[in-house]
1. Would you confirm whether any residue within the range A:220-232 is assigned to a loop (DSSP other than H, G, I, E, B) and surrounded by 15 or more Cβ atoms within 10 Å (Cβ to Cβ)?
2. Among the residues of the range A:276-291, write down those that are in contact (Cβ under 8 Å) with a residue 60 or more places away in the chain and either surrounded by 20 or more Cβ atoms within 10 Å (Cβ to Cβ) or within 20 Å of A:Ala718 (Cα to Cα) (or both).
3. Residues that are farther than 29 Å from A:Leu478 by Cβ and in a helix (DSSP H, G or I): does the range A:149-171 have at least one?
4. Given (1) crowded, with 20+ Cβ neighbours inside 10 Å; (2) among the hydrophobic types (A, V, I, L, M, F, W, C); (3) touching a residue at least 40 places away in the same chain (Cβ under 8 Å), where does A:Ala602 come up short, assuming only one miss?
5. Using the structure shown, decide if B:Glu13 is of a type in the set (D, E, K, R) and either facing chain A (nearest Cβ under 7 Å) or part of a helix (DSSP H, G or I) (or both).
6. So A:Arg389 passes all but one of these: (1) over 23 Å from the mean Cα position of the chain (by Cα); (2) crowded, with 19+ Cβ neighbours inside 10 Å; (3) in the same structural domain as A:Trp207 (by TED's automatic domain parsing); (4) not in a helix (DSSP H, G or I). Which condition number does it fail?
7. If you go through the range A:447-478 one residue at a time, how many are within 27 Å of the chain's Cα centre (by Cα) and outside any loop (DSSP other than H, G, I, E, B)?
8. Please go through the range A:555-603 and pick out each residue that is on the phi < 0 side of the Ramachandran plot, part of a loop (DSSP other than H, G, I, E, B) and in contact with a Lys or Arg (Cβ under 6 Å, 6 or more places away or on another chain).
Amino acid sequence: MTNHLGDIQNSKAIIIFGANPAVNHPVGFKHILKAKERNNAVLIVVDPRYTKTAAKADLYVRIRPGTDIPFMYGMLHLIFKYGWEDEEYIKNRVFRMDYIKKEAKKWTPEKVADVTGVPTDVLIQVTRAYASNKPGTLLWAMGLTQHSIGSSNTRMAPILQLALGNMGKFGGGCNILRGHDNVQGATDMCCLSHSLPGYYGLSEGSWKYFAHNWGVDFKWLQNRFATPKMMHTKGFTLSKWWQGVLQEEKIYQPTPIKALWVQGNGITSVAQTAKVQQALDKLDLLVVAEPFANEAAVITNKTDNVYILPTTTQFEDEGSVTATNRTAQWRSKVIDPLYESKTDEEIMFTFAKKFGFYDEFVRGMMMGVRNGKAVKVKDTFKWPEDATREIARIIKTIGLTGWTPERLKKHQENWHMFDEVTLKGIGPMKGEYYGLPWPCWTEYHSGSPVLYNIGIPVMEGGMGFRARFGTEYEGENLLAGPFATIKGAKVKGGYPELTKENIEKVLGIKIPAREKAIMGKNWKVDLSGLIAKYALQAGVAPYGNAKARAYVWTFPDKIPMHREPLHTPRYDLAKIYPTYPDKKDQYRVDTKFISIQKKDWAKDFPIILTTGRLVMYSGAGLIERNSKYLAALEPEMFADINPALAYKYGIRDGDMIWIHSPEGAKIKVKARFTYSVSPDRIFLPFHFAGIMEGKNMSKNYPEGLIPYAIGESGNTVANYGYDIVTQIPETKAGLVRIEKA
Amino acid sequence: MYEYARMKFYCDEDRCIDCHGCEVACSDANELPVGIHRRKVITLNEGIEGKEFSVSIACMHCTDAPCFQVCPVECFYIREDGIVLHDKDKCIGCGYCLYACPFGAPQFPRDGAFGIRGVMDKCTMCAGGPAPTFSIKERELYGQNRIAEGKVPMCAAICSTNALIVGDAAHVAAIKRARDAAKGKGAMTPYGWDQAYK
């Protein structure tokens, strides 16, 4: 999220692609309603389904799932045609927008209408409304990301914003709504298989930086891997870990996955639940650590070596969490852990002790910085404060240096002293933004509420785009133009990211030799904090000021290109806009693209499937289905179906139906009539579990722990299909066939 | 000048997003049996483009309450602040009040006349009932008495978009007027977050 929820109140136009905040972010949605109320903002909702959010929209666009790129190119076609783009902004702050312009020229309203199903007059009306009301903000969530072209979708949306000059503006930006408590924090800590915490990657330099900060020997870390190469190899993802067990597609590690540890994850929340079940059955060992019985232990037929460890809830533990807008919030413990449940960290510490690396595991919390080096400064640690200090000490990439436990606690205690629209503190909190939104460069920095805003000084949260990819490409300058000077900066226009080597030249200063001696190689690993200090003194952000790249030479598609979903209802279009070639060794497993799409699935599976959430449940519904009042609101799994479609199959409202996926999986659910879906598609919520392909698995729950509501997992029939870069599953655009049960 | 507040609910259809937060908060706070809806969000024209809207409805605590008028055993009473309550010890569960009520507020527990929630159950605006304030009997028969604690009723306290507001009619009207006056005037929050949720 480049801006924050309160800032949406500054927007004059709000366009939402594949997000349903009225359902998934009800409290955050208030800011959107206030923007409408107080700012006369135009609310535009682009969604395959008429959602609760759409019910509050001024303009609603019923789009065919998986065609967001053509729709946005259609908007850009009109924007460039009528000169609605921000030329000066593009010239100074965007790299190779001309490539986008060229592609957009092809996407005439008629062509867009054919591909997306959106009438030309609606496209024109929406584009005009969005381009003529500035600042405009663009929101998205899983509806944009969970596609085989999800990564391209997430590039297309910022490009639209860049063309209009909406990035780095109050009331503008790309506001990506995170779906759960602390998901942003989990992402920032890279609880993922492809990077070290703070997006440091897996290179040797990164590992060495972390080894130094954890007070452990690099060789020792390396020896914990089977081979040194494994240390730098991405692991399996949540989307396709099951292939590591089943090996139906080729895997790239010496042995299959034999044991699975699930802690804090609803395993039925990604596609292919039937495959997940098969993989669980085949494991040697399954451990789930959750406050509620995780579905992983329920949907499996495994009868031995399944362990359920009770963990505490957020009320029984303390520490910082990160909100969707990059702000930290300190959370206090309300009660001691109930019964035999243990906190997450206690389980992890016990695990580390048992496996003999406890000392190395916790040493980082006892370290501090002396003369630019991380050294052990004490013999004990205090949870969670010292963990927070460790994070602040190490993570420079996204600027967590300022997140000391003392500051975060002060914000928690004084939260009434901040303004919701600007996040600005008043009284004792003056000069800081609520939750110190990252980047918070130093312990005296304010935090940055709106990313890439060159209109305010760096000390008040200003910055340009990060200069991450060098200073030039194919002879073209990648740094920001002369008119993109950050307010109050001593350096005019663009400049490269700061290193020990270039800092004096870039900032035009002289640094004493004793300081240079303790300075880190570059701003990302400078434990001394001197680079940040001198950067802030010069009014510049340590990470440089570059152009945003509309053209990315390292991606499979240099500019976002439309590619039909793997299972497309428009086989004719798959010929024109084919998907990618199959990909070898994608997160240690082969992934199919074109070999799926080359078949015309729509012949046998003519109905589009899209999935989403309901207001009373979140994720796999582990927690909420255990609440009788929430479960009573939607006690049964269902499929939303248009009466006109149902009629074709002799289905009446409330009838049980079978839904079949191209992979051969099926679920039995109740049909629910609604006009929110058009007759070519159905909608499934994905919160249910406990019934697998018609079979009730509830005997697998520990005694007395069957939730009030169980049901088929919608993801059992979510199709095969994964993003080319991230491997996120394509749950939002699939095909199914239905029949009356 | 008036001596007492006149308590009223107001639900803004432009803000209500059918999240059911008020319903669940009410049921949970007052430990209602599942199926008793002191408050319910009603959505009309669900899924129909441009026509769908939602509103949260409970007992509206009418000034001239029809339930009060028709009750054969006169179990209803109206407090000085306008909150309409009833005495479950007097109520016979006949359902006349349901005939009279324009909002479908009266609820009838399935566990019979002598179950934990008694005969007829309805929104108390979180003001308890005729049993002694904060007594176990009041808690079990009528639910929380947040008004006596100086707190806002649970439903409005939890409302995610502040569509639902409750309080002295003059205050409710003032909030609504302020919202109407703010329309089209741009973002504004001169105070801290305790004011922001207005």
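The values are calculated or read from the model by the stated rules, or taken from the named source; none is laboratory data. Nothing here was measured: the structure is a model prediction, and the numbers come from that model. Neighbour counts run over all protein chains shown; Cβ positions are idealised from the backbone, glycine included.
1. Scanning the range A:220-232 turns up no residue that is assigned to a loop (DSSP other than H, G, I, E, B) and surrounded by 15 or more Cβ atoms within 10 Å (Cβ to Cβ).
2. Scanning the range A:276-291 gives A:Gln277, A:Glu290.
3. Looking for residues that are farther than 29 Å from A:Leu478 by Cβ and in a helix (DSSP H, G or I), one finds none in the range A:149-171, hence no.
4. (1)
5. No, not satisfied.
6. In the conditions (1) over 23 Å from the mean Cα position of the chain (by Cα); (2) crowded, with 19+ Cβ neighbours inside 10 Å; (3) in the same structural domain as A:Trp207 (by TED's automatic domain parsing); (4) not in a helix (DSSP H, G or I), A:Arg389 misses (4) alone.
7. 3
8. Passing the criteria: A:Pro560, A:Tyr577, A:Thr579, A:Asp582.
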